[in-house]
Every structure is written in C-alpha cells, then in structure tokens.
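The structure under discussion appears below in the form of structure tokens.
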Amino acid sequence: MLSPLRITLIVLALACLALHDNSSLARLDDATRTQTATAVSTDEAEFAIPENEKPFWESAKAFLNAFTARDAKAIGELFTEDAELFDEFGERTNGREEIVALYEDVFASSGTAHIEEITIERVRAISETVALEEGIVISSEAEGGPRHSSRYVALHKREADGRWRINTLKSYPQEGLDERTEQLGKLSWLLGEWVNENAGEVVRTQCRWSEDGNFLLRQFTVNVQGEQGMDGVQRLGWDPVRRQIRSWTFDSRGGFFDGYWSQNGDDWQVAISGVTADGQAVSGLAVYRLIDEEMIHWQYRYLTVGEELREDSPVIVMVRPAPAPKSTPN
C-alpha cells in the first residue's frame with residue numbers, strides 16, 4: 001500500500017497532463033511559447049491551441065477524463081510501452097504495465113489530491129517524432145488545502161500509429177512550501193469525516209483546513225444511546241519554537257487539553273496534558289495509525305486522571321461514514 005505522501009507525489013508528477021476542459025491561455029511569446037492554463041468559468045471563450053500542439057492538449061484532456069474516472073488502463077495508453085516515470089525523489093517506474101499497476105494502487109488508496117493550475121512554459125520540437133514539454137503544476141493534497149508547486153519535464157514520442165505518447169516523465173522537488181504547510185500536510189489523512197462506535201457511544205469527527213491554510217480544524221460530537229453527550233473542537237498548528245505539531249482541544253463541558261504530535265514509524269503519537277471540567281489533571285499518550293484511506297486505529301496509553309493510572313484503552317477503529325442512501329422516486 002502506498003503512503004499518502006507517495007501517492008500525492010505521483011499525482012503531482014502526472015499532473016502535467018491534467019488540464020481542465022475549460023481553460024484560459026495567456027499571450028504566447030514567440031521565444032518561449034509560454035502558456036498558462038487555469039480553470040475559468042464555462043462562459044469564457046476557450047483559448048486557441050496552436051495546431052502543432054493540439055496532440056498534447058488532447059492527451060491532457062484524455063488524462064483528466066481517465067483520472068476522474070479512476071481508469072488506470074486509459075492512463076497507461078498515454079504512455080509508450082517502454083515509458084519511464086520518475087518521482088521527485090528519483091524513484092523510477094518502468095514500462096506501461098508498471099505505470100498502470102501503480103495507478104491502480106493510487107486509485108485504490110487515495111483520491112484527495114486536487115490540481116488547481118498548470119503552466120506550460122515551453123513545448124520544443126526535438127525532431128519530427130520527439131517533443132519536450134516543460135512546466136509547473138500548482139496543486140494541493142486536498143481541495144481547499146494549502147497549495148504547492150512542482151516543476152516537470154515530459155518527453156513525448158510520436159509512434160507508428162501517429163499518436164504522441166509520453167516516453168519519459170520527471171517531476172522535480174516541490175517549491176514554495178513553508179515549513180508550517182509542509183508539516184501539517186503530513187496529517188492530511190485526518191481531513192474529512194470519520195466515525196467510531198463503541199458500547200453504545202458514537203463519536204463523529206470532521207476535519208478541514210482553516211481558510212488561511214495555517215491550521216487543521218477538527219470538530220467532534222459524542223452521542224450516547226442516541227443522545228448528544230458532549231461535543232468539542234480541536235485546532236492543530238505548527239509550533240516553530242519546539243518544531244513540532246501542536247494541538248489545542250476544548251470540550252463542551254469545560255475541559256481543555258494540549259497535545260504535541262510526533263511520528264514514530266507507522267504511528268502518530270500525541271503527548272496530551274490538560275484539565276477536565278471538574279478540575280482533575282489529565283495526561284497520557286494517544287496513538288494513531290492510518291490503516292488505509294477508509295480506516296484509522298487509535299488508543300490511549302498511560303492515561304492518568306487525577307492520581308489514578310488507568311489501563312490502556314482497547315484499539316478504537318475509526319472509519320469513513322457510509323454514504324447516505326439515495327432517495328427513490330415514488
């Protein structure tokens with residue numbers, strides 16, 4: 001199973017092909033042939049694509065349709081049989097079959113990456129059958145999240161059937177990420193809705209980015225026997241002094257808690273301290289483990305309430321809520 005970070009890098013690597021069907025094109029410069037494609041409203045006129053570049057734009061739209069449909073085989077058809085794909089760490093995927101397998105894994109594991117803008121800086125003909133494309137991708141790990149930029153180079157080859165296909169695709173390290181965004185982005189798997197049920201209790205959690213992109217905001221509600229028992233909020237940010245992710249949690253009964261997050265292998269550990277509504281000091285360790293896109297395991301360890309050291313909690317399973325049933329016409 002690919003890690004969320006690895007999946008995001010691969011999506012960014014191929015983002016050079018994912019253009020929105022409705023786009024605007026900046027003025028072309030004859031020397032660099034720089035083109036900027038950004039999403040625009042549907043009532044704006046579509047840009048005029050130079051005739052010699054139409055195959056590349058058509059390939060981009062084909063990739064967008066295939067990616068939206070989670071069709072790895074269709075993506076594979078955009079590459080030559082012996083194609084190579086390099087991520088920003090230099091890790092190589094060889095051949096169309098391996099690229100298809102890679103994207104099957106990506107689609108099975110994650111679907112949160114969002115492509116906002118693509119700037120094609122240059123398309124240069126090497127020969128009648130080889131062309132080089134260079135550009136920049138603006139993207140985010142989840143729609144509405146902090147934006148990242150990544151440069152790419154794609155080498156296209158025209159094959160015997162007359163179609164242009166990608167022979168080599170290289171993504172370069174991300175640029176423009178401040179430390180806060182980069183560190184909080186490691187917890188992007190918390191985004192969205194989660195639910196866990198245990199012994200008559202149902203806990204629902206929602207997580208989103210703050211509007212300024214500087215924090216992750218979580219809200220939780222605890223229902224006991226069908227009635228709301230407690231709710232609360234949590235804010236996660238980057239502490240530049242301790243160089244660590246930090247969280248602040250407040251519940252509706254008046255309790256408040258501080259937490260410091262650190263990664264230990266496959267686990268995220270949160271050292272927690274705080275005070276309950278009735279004045280008892282609380283400390284302990286919360287341990288989260290991402291199982292896959294749809295499941296998280298977590299538990300409390302070394303939990304102390306007042307002067308009482310409690311046993312470690314059983315592992316609690318958090319899952320994505322099932323979609324609401326569709327209404328049927330009468």
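Annotations
- Spans of strands (runs of 3 or more DSSP E) in the range 20-91 with at least 2 residues in contact with a helix residue (DSSP H, G or I) (Cβ under 9 Å, 6 or more places away or on another chain) and either of a type in the set (V, I, T) or modelled with pLDDT of 80 or more (or both): 79-86
- Residue check for R243: out of contact with any strand residue (DSSP E or B) (no Cβ under 9 Å at 6 or more places or on another chain), closer than 23 Å to L290 by Cα and modelled with pLDDT under 90: yes
- Subset of the range 204-228 [surrounded by 15 or more Cβ atoms within 10 Å (Cβ to Cβ), in contact (Cβ under 8 Å) with a residue 24 or more places away in the chain, in a strand (DSSP E or B) and of a type outside the set (D, E, K, R)]: T205, W209, L216
- Any hit, the range 114-136, residues being modelled with pLDDT under 70 and touching a Lys or Arg at 6+ places or on another chain (Cβ under 7 Å): yes
- In this structure, A324 qualifies as among the hydrophobic types (A, V, I, L, M, F, W, C), over 17 Å from Q234 (Cβ atoms) and either assigned to a loop (DSSP other than H, G, I, E, B) or modelled with pLDDT of 95 or more (or both).
- Selection from the range 164-185 of residues that are crowded, with 16+ Cβ neighbours inside 10 Å and assigned to a helix (DSSP H, G or I): R180, T181, Q183, L184, G185
- Among residues that are acidic (D, E), closer than 22 Å to N198 by Cβ and either at pLDDT below 95 or surrounded by 15 or more Cβ atoms within 10 Å (Cβ to Cβ) (or both), E307 is not included.
- Residues in the range 270-280 include none that are in contact with a Lys or Arg (Cβ under 9 Å, 6 or more places away or on another chain), part of a strand (DSSP E or B), surrounded by 14 or more Cβ atoms within 10 Å (Cβ to Cβ) and β-branched (V, I, T).
- Taking every residue in the range 75-102 that is within 20 Å of S150 (Cα to Cα) and pairing it with any residue that is surrounded by 18 or more Cβ atoms within 10 Å (Cβ to Cβ) and among the charged types (D, E, K, R), at least 6 positions away or on another chain, the pairs with Cβ-Cβ distances below 7 Å are F86/K170; R92/E84.
- Of all the numbered requirements in (1) of a type in the set (A, V, I, L, M, F, W, C); (2) under 30 Å from E307 (Cβ atoms); (3) surrounded by fewer than 13 Cβ atoms within 10 Å (Cβ to Cβ), V241 misses one, and that requirement is (2).
- From the list W189, W194, the one residue that fits, being part of a strand (DSSP E or B) and closer than 26 Å to N264 by Cβ, is W194.
- The residue of the range 139-159 that is modelled with the lowest pLDDT, among those that are part of a loop (DSSP other than H, G, I, E, B) and farther than 18 Å from G76 by Cβ, is G144.
The values are calculated or read from the model by the stated rules, or taken from the named source; none is laboratory data. No experiment lies behind these values; they were computed from the predicted model shown. Reconstructed Cβ throughout: ideal geometry from the backbone, glycine too, with neighbour counts over all protein chains shown.
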